[in-house]
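Notes for the one structure printed next.
No value in this document is a laboratory result; all are computed from the given coordinates. Model, not experiment: these values are computed from the prediction. Cβ: placed from backbone, ideal geometry, glycine included. Neighbour counts: every protein chain shown.
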Amino acid sequence: MTTERPYIFLVKITLFALIISAVPLSQIVLEISPFWMLLFFIYWLTYFSAKGRFFLALILGVLVDILHGDILGQNALALILSGAFIANVKQSFFVSNLSTQQVYVFVASSIYLGFFLLVHTLIQGFNFSYYLLLTPLSGALFWPVVRLLLSKCKH
């Protein structure tokens, strides 16, 4: 895989993220698991420069909405806003050590979770599992594995 073709790499990691998201697990593990599409999109956003990042975030978010049967646009809005945060700190993120990158991933996952829960609460009321609040932490903990795995796939 060469870095001259970032969109092909994005398609591959999108399919991988959708497959990981669709794996049947117990309810608690599903609620604690990180936002896989966000983690893979953060990697792609950081290590590739391409045009139309937010439009791609919209499409990826709608794909996740369709996969999980969520409100259409809920994940898309959250992915766009988290991607905007990562795009703002991209230079710092790229040169940071792993623990600092984990903090950035935690903040991006918290933004994602905040807007996800905001839309969910406005539409369906305040009925969600509190295990969902551990998702940003699990995203930050899984970031080194995702980064290592995708860096091996990129080369």
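Out of the residues in the stretch 107-116 that are among the hydrophobic types (A, V, I, L, M, F, W, C) and crowded, with 17+ Cβ neighbours inside 10 Å, state the one that is farthest from ASN75 (Cα to Cα).
Initial filter on the stretch 107-116 (among the hydrophobic types (A, V, I, L, M, F, W, C)): 107-108, 111, 113, 115-116.
Okay, now just the ones that are also crowded, with 17+ Cβ neighbours inside 10 Å, so 108, 111, 113, 115-116.
On the way: ALA108: 13, ILE111: 11, LEU113: 9, PHE115: 8, PHE116: 6 Å.
Of everything passing the filter in the stretch 107-116, ALA108 is farthest from ASN75 (Cα to Cα).
Selection of the stretch 1-41 for residues being among the basic types (Lys, Arg) and closer than 18 Å to ILE59 by Cα yields only LYS12. Exactly one residue out of SER129, SER92, SER82, SER99 is surrounded by 14 or more Cβ atoms within 10 Å (Cβ to Cβ), of a type outside the set (Lys, Arg) and farther than 16 Å from VAL11 by Cα: that is SER82. The lone criterion from (1) charged (D, E, K, R); (2) within 24 Å of VAL145 (Cα to Cα); (3) buried (at least 16 other Cβ atoms within 10 Å of the Cβ) left unmet by ASP70 is number (2). Is it the case that the stretch 110-131 has a residue that's over 21 Å from HIS68 (Cα atoms) and assigned to a helix (DSSP H, G or I)? No.
Taking the stretch 44-79 as the range and being in contact with a Gly (Cβ under 7 Å, 6 or more places away or on another chain) and either charged (D, E, K, R) or under 17 Å from TYR7 (Cα atoms) (or both) as the test, the residues that pass are LEU45, ARG53, PHE54, ALA57, ASP65. Within the stretch 21-35, the set of residues being surrounded by fewer than 22 Cβ atoms within 10 Å (Cβ to Cβ) and either within 24 Å of CYS153 (Cα to Cα) or touching a strand residue (DSSP E or B) at 6+ places or on another chain (Cβ under 6 Å) (or both) comprises SER21, ALA22, VAL23, SER33.
Tallying residues that are under 17 Å from VAL145 (Cα atoms), polar (S, T, N, Q) and in a helix (DSSP H, G or I) within the stretch 3-35 yields 2.
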